[in-house]
Amino acid sequence: MVSKKYLFPEFLNGRCTPEDYKKWLNGRAISHARRDRKRGHTGARRETYMIAIHAAVLRSRGLDDYTGEDLAWGSINSYDNAESKEGRRLYKKSFGNMPTVDHFGDDLTAGEFRICSWRTNDCKNDLSEEELVEFCRAILAHDKKKARLKLNPST
C-alpha cells in the first residue's frame, strides 16, 4: 500500500508503479541519511529525507534538474549488483538516464535535494551547480577549438 503522505506524482503514471516509487523513495532516503550521518550530520533521518526527496521529485516533474532531459523512471529499483560486476561499465552506462538524488549544496544539514540522472550526478560529483556549469562551458569551448583546428589545421 502506498502512503498518502507521499502521493504518487501524476507525471509518473505509466512510467513506474506507485509501489516502485515508494520503494525507490524510501531507499534513497535511507541511503542519503546513512551517508550524511557518517559525514557528521547526526540529525539526518530517513523520514525527513523522504519528505525532502519527494518534494524534489515533485519540483522535477520527472525531468533531470540540470539538463531538462526526461528520466527513465521505469528503471528504478532494477539495478542488479551481480550483473553490474559482470557487465561493468557497459551495465552501469545502460542506467545512465535512471533518476537519482543529488544532495544539493554544501550544507549537509540543509536536506535540499535535486533529481537528476545517474549520468548527470556522476559528472557533477562534488561540484556546485555554478562549478558544473563553468566546467561544461570549458568543455564546449575546448570542443569548438578542436573543431576549428580540424577544419583549419594550419592555425
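Every number in this text was worked out from the coordinates using simple rules, so none of it is lab data. Since this is a predicted model, take the numbers as computed values, not measurements. Cβ atoms come from the backbone with ideal geometry, glycine included; neighbour counts cover every protein chain shown.
Using θ = phi - 60° in the Karplus curve 6.51 cos²θ - 1.76 cosθ + 1.60, the 3J(HN,Hα) couplings for the stretch 65-71 round to 5, 8, 10, x, 6, 5, 9 Hz; x is entered for Gly and Pro. Averaging the Cα positions of each part gives two centres, and for the stretch 1-43 and the stretch 54-110 these lie 12 Å apart. Select from G105, G27, G40 the residue whose mean-square fluctuation is largest in a Gaussian network model of the chain (Cα-Cα springs shorter than 10 Å). Fluctuation is largest for G40.
Here the convex hull built on the C-alpha positions of the stretch 28-74 has a volume of 87 cubic angstrom per residue. Volume per residue for the chain equals 151 cubic angstrom (convex hull of Cα atoms). Based on Cα contacts under 8 Å between residues 6+ apart, the stretch 10-124 shows a relative contact order of 28 percent.
Residues whose amide H lies under 5 Å from that of I115, counting only those 5 or more places away or on a different chain, are D65, D102; hydrogens are built 1.01 Å from N in the peptide plane.
Under a Gaussian network description of the chain, with springs only between Cα atoms under 10 Å, the residue in D70, D102, D122 that fluctuates furthest is D122.
Restricting to lysines 8 or more places apart or on different chains, can you count the pairs in the chain with Cα atoms under 27 Å from each other? The result is 26. Ordered by the number of other Cβ atoms lying within 10 Å of each residue's own Cβ, fewest first, I53, I30 fall into the sequence I30, I53. Where only DSSP H runs of four or more residues are counted, the chain gives -17000 deg cm²/dmol as its mean residue ellipticity at 222 nm, each run worth -39500 (n - 2.57). Across the stretch 131-142, computed HN-Hα scalar couplings (Karplus, 6.51 cos²θ - 1.76 cosθ + 1.60, θ = phi - 60°) run 5, 4, 4, 5, 4, 4, 4, 5, 4, 5, 4, 5 Hz from first to last residue, x flagging Gly and Pro.
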